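Below is one structure; the comments refer to it alone.
The values are calculated or read from the model by the stated rules, or taken from the named source; none is laboratory data. Computed from a predicted structure; not experimentally measured. Neighbour counts run over all protein chains shown; Cβ positions are idealised from the backbone, glycine included. Accessible surface areas use protein heavy atoms only, side chains included; no ligands, DNA or RNA. Shrake-Rupley method; radii C 1.70, N 1.55, O 1.52, S 1.80 Å.
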Amino acid sequence: MSGSRDVVVVGRADQLGLLRGAVAALAAASGQAVLVEGEPGIGKSALVDAALGAGGVEVLRAARDAHDGERLLERVEHAAELGPVAILFEDLHAVDEGLLGLWRRLAHAVGGAPVLLLGTRRPVPRRPTVDRLRREAAEGGGLVITLDQLSPDGVAELAAALTGARPGPDLLDHLEAAGGNPRYIRELIDAASGSGAMQTADGVAELKEPVPRPALAGPVAERIDFVRPRTLEALRGAALLETGFLVADLALITACTPVELVPVVDEAMAAGLIEPAGKLLRFRHPMIRQALYEATPPDQRVAQHQRAARVLTTSGAQPQRVARQLLAGAGPATEPWETQWLAEHAETLTRREPAMAARLFERAVVGLAAGDPRRELFEDLLADAEFRLFHFERAARIAGANAARSTEPDRLGRNTWLHGYSLLRLRRLDELLRALDSATARPETTPLWRTRYAALRAMAFVNFGRTEEARATARAALAAGQESGDATAIGYALHVLSVVAAEADQDRAAALELIERALTVVRADQELADLRVMLWTHRFGIGAELGGRIAELMDWARQMLVTAESTGTARLGRLRLHVAEVAFELGLWDEAEAGLGQVADHELTAPAKRYALLAQIAARRDEGERALRLSEAMRKAADASPDGAVGNACYFVLAARALRYERGGAWREAVDVLSQCLDPGAEKHNPLRYRLLPMLVRLALAVDDRETAQAAARAAAQDARQAPLVRRQAADLWCRGLIGGDPALVARAADLLRQAELRSVLGNALEDAAELLARAGEPERARETLLEALAAYDELGAAWDARRAASRLRARGVRIRSRVGGRRAVSGPEALTPTERRVAELVAEGCSNPDIAERLSLSRRTVESHVSRILAKLQVSSRTEVRARLPVDP
């Protein structure tokens, strides 16, 4: 921390310029009245002090009464002789009527004198006489300067001034609670510094550990006591609700009618305490909400939460909203009505909010007798909730214990299945097989559950690469399931057989047929949502690899995402990753980034793939620092995985690593990385290696390693013969064209990629074709092909690819200005990607997220991610401000 607590004014260049201009105008005997207004702590006094401090004028401060009014009027009359003067009235919203009358008399006298009449005010409390002064100042040639919250850049600048160092990302996240209010920013920084949670290293101020919010009930609450008591009391009630709340909900918990709350809401909005957020209201500053919450005594707070929960149940509120109130108002025991309500909504809560559900189930079980059927319901759903939260250790332990004490066949079966599935996700095969053997031998186990256990056993075998055991076990489970008509056993058995057909037999047509059969069987069963998503994911992956009408496949996948989001399935993250993977190949990089931003590492078996995809997008868009951070995260994720990076993840990791080396000019190291896909058996462990081979050939030739280049070309030919898919055929043509210096072959590869709409690599093929044409002495054709490559890069925003292409062709005598600019702007309208710009335009039109999702064929969560990024880039806090920040088309 820097020791200075001097006046710090940042993010106010326009307002400070206006005020300093008014001070400078005094030299020409041009006086005027200026009002500076804004919420408490927003920086009114700091702005005035900064303007006057550099003006060289005398400053007189008006008292809180009018006893010195004649002295001030006399000073104004003699200003031409005595020199410029500024007369400052602070807190006009709180002064007496006599002092307001003095302001009005002075305002009429300053027009032709070197006198600046300055006043500061808050927008509330609303006083007609003060509002009149504001109108008179605006209509009489004066200035009204309104200070709003700081932009994200302004917050960072202020934090840097207060700490003496550049703020790190965690510190900036912490400061978001201040809502852009300089005073609250200062208090958060003081609290972090005082607690020892902040440190400065290498010129960066960062949080070294989580820091609790400072105790705000006193200092912040004192600064909002200017609102009426009735408004303050309603705000305390709003602080109990979620971040966003409805006026109707506030009416319920405050026992007011919506009509009675209209003036309350109007005053709170005028004071800058709350603001609209779509159809909801929210606190403008999270710190205000926290302060109001802390100001309520804990016992009273618990009682209010319990009352709010009860009231929300009567209004038909969504279960998760009631659950939040129940958790916040948790007492020593669960009330009988809470237990009954929880039993009625337990399954819905488990699907939609498993974390809240798990906490409520644990609390409710304590007060229930062993024979109460609700106890067993909560115990079973607790295991389910933990599984959905990816807490597989806890899920396995709870489900195993439930199964051990179960005698009812279905309860025993459900818990054994969940116990076994959790062990499968933990990759503990031996323990899983022992659990299934033990359950199968129990007399309570029915033939139906024995068949399902066989299907789960087949799932385990296929996941551990024991292909033939998986095939035989799945066939047996399928036959038994068909005999009994059990959709669960049939669906899982068909899924296992589809995986065997695709991976072991390399028969993707057979795999697709098996998937379609499975989907027909499980489509109507609500209990098999997880299996449906697994089948969708597999079908999508095979369809994407086969090529063809991949854009149509992408539309289908988006619809599957929308459906999957409503089910709460644990497989949702993996489906998002697959959709993002194909979006990346199609050149829909904005959509890919948005989807990947909604996936957490613990949802994935190979989180390194997520970071590898993001790193490639950042690198190709020339976002160097971000690409390096993502590459490092990818390395850590791969190192932490017990299997490292295998399967599809291997391709993405190798591609990202090689790209990092190539960007750094380390071509030899890039070749060494990519050469791993030529190792014996590599095609099995890296089934997408053919996508790497053209890059390997190009770089190997660049370092004069023709032997490696030829080996890569042979591998591409082998992969194309094995499965004549579009992308494999293109890779074979591309590699042969590079080896033989034949631009026609590479152009044919580009044609295949263009037809398949694989825009992420189309520009790369065209770039190589252009370089070969130039080398062959055809500069005009090379220029035309380069222009097409640059157009492809322009669509992607791939600035680094464009610079490389222009450099390569320049070396061959083909000069052309790159159509892709330098690094993308990080803020403002120019920072928006094409997809973000389209979403922003729809937001500006007033469309809701569901409307935008429907119009653009995106999932709601993807739209939410886009909107969040748009608000950050445009440096606005609400959707209503987006329109003003977008440039108007000519």
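See the values below:
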quantity	calculated
Lone unmet requirement of (1) of a type outside the set (V, I, T); (2) free of Cβ contacts under 8 Å to residues at least 60 places away in the same chain; (3) open to solvent by 10 Å² or more (accessible area, probe 1.4 Å) for L240	(2)
Qualifying residue in the range 824-832 (condition: assigned to a helix (DSSP H, G or I), among the hydrophobic types (A, V, I, L, M, F, W, C), open to solvent by 30 Å² or more (accessible area, probe 1.4 Å) and at pLDDT below 75)	no
Which numbered condition V820 fails, given (1) surrounded by 21 or more Cβ atoms within 10 Å (Cβ to Cβ); (2) modelled with pLDDT under 70; (3) under 20 Å from the mean Cα position of the chain (by Cα)	(3)
Which listed residue, of R127, R132, R71, is crowded, with 16+ Cβ neighbours inside 10 Å and among the basic types (K, R)	R127
Every residue from the range 243-273 that is free of Cβ contacts under 8 Å to residues at least 24 places away in the same chain and either aromatic (F, W, Y) or touching a Pro at 6+ places or on another chain (Cβ under 7 Å) (or both)	A251
Qualifying residue in the range 103-117 (condition: free of Cβ contacts under 8 Å to residues at least 40 places away in the same chain, in contact with a strand residue (DSSP E or B) (Cβ under 9 Å, 6 or more places away or on another chain) and closer than 21 Å to P40 by Cα)	no
Only one of A330, A248, A291, A270 that is over 27 Å from R363 (Cβ atoms), surrounded by fewer than 20 Cβ atoms within 10 Å (Cβ to Cβ) and at pLDDT below 80	A270
Identity of the residue in the range 188-233, open to solvent by less than 10 Å² (accessible area, probe 1.4 Å) and assigned to a helix (DSSP H, G or I), that ends up modelled with the lowest pLDDT	V220
Which numbered condition I87 misses (of (1) open to solvent by 60 Å² or more (accessible area, probe 1.4 Å); (2) of a type outside the set (D, E, K, R); (3) without any contact (Cβ under 8 Å) to a residue 40 or more places away in the chain)	(1)
Single match in V144, V110 (criterion: out of contact with any Pro (no Cβ under 8 Å at 6 or more places or on another chain) and within 28 Å of I274 (Cβ to Cβ))	V144
Unmet requirement for F390, which otherwise passes all of (1) touching a residue at least 60 places away in the same chain (Cβ under 8 Å); (2) over 21 Å from T488 (Cα atoms); (3) open to solvent by less than 10 Å² (accessible area, probe 1.4 Å); (4) of a type outside the set (D, E, K, R)	(3)
Which listed residue is farther than 24 Å from T835 by Cβ and open to solvent by less than 60 Å² (accessible area, probe 1.4 Å), from D751, D768	D768
Criterion (in a helix (DSSP H, G or I), within 36 Å of the chain's Cα centre (by Cα) and not basic (K, R)) met by exactly one of L733, L766	L766
Qualifying helices (runs of 4 or more DSSP H) (wholly inside the range 427-543; at least 1 residues being surrounded by 22 or more Cβ atoms within 10 Å (Cβ to Cβ) and of a type in the set (K, R))	447-463
When residues of the range 736-761 are limited to those that are in a loop (DSSP other than H, G, I, E, B) and acidic (D, E), the one modelled with the highest pLDDT	D742
Helices (runs of 4 or more DSSP H) completely within the range 631-690 that count 3 or more residues being open to solvent by 10 Å² or more (accessible area, probe 1.4 Å), modelled with pLDDT under 95 and under 23 Å from G541 (Cα atoms)	648-663, 682-685
A385, sole failed condition from (1) at pLDDT below 95; (2) over 30 Å from E335 (Cα atoms); (3) in contact with a His (Cβ under 9 Å, 6 or more places away or on another chain)	(2)
Filter result (at pLDDT 70 or above and buried (at least 19 other Cβ atoms within 10 Å of the Cβ)) within the range 851-868	I852, A853, V863, H866, V867
Any pair with Cβ under 7 angstrom, 6 or more apart, that starts in the range 878-890 at a residue that is closer than 19 Å to P276 by Cβ and ends at one that is at pLDDT below 70 and surrounded by 10 or more Cβ atoms within 10 Å (Cβ to Cβ)	V882/V876; R885/V876
Residues that are in a helix (DSSP H, G or I), open to solvent by less than 10 Å² (accessible area, probe 1.4 Å) and touching a residue at least 24 places away in the same chain (Cβ under 8 Å), drawn from the range 173-187	A177, A178, Y184, I185
Selected residue [open to solvent by 30 Å² or more (accessible area, probe 1.4 Å), in contact with a Gly (Cβ under 6 Å, 6 or more places away or on another chain) and among the charged types (D, E, K, R)] from R310, R301, R284, R324	R284
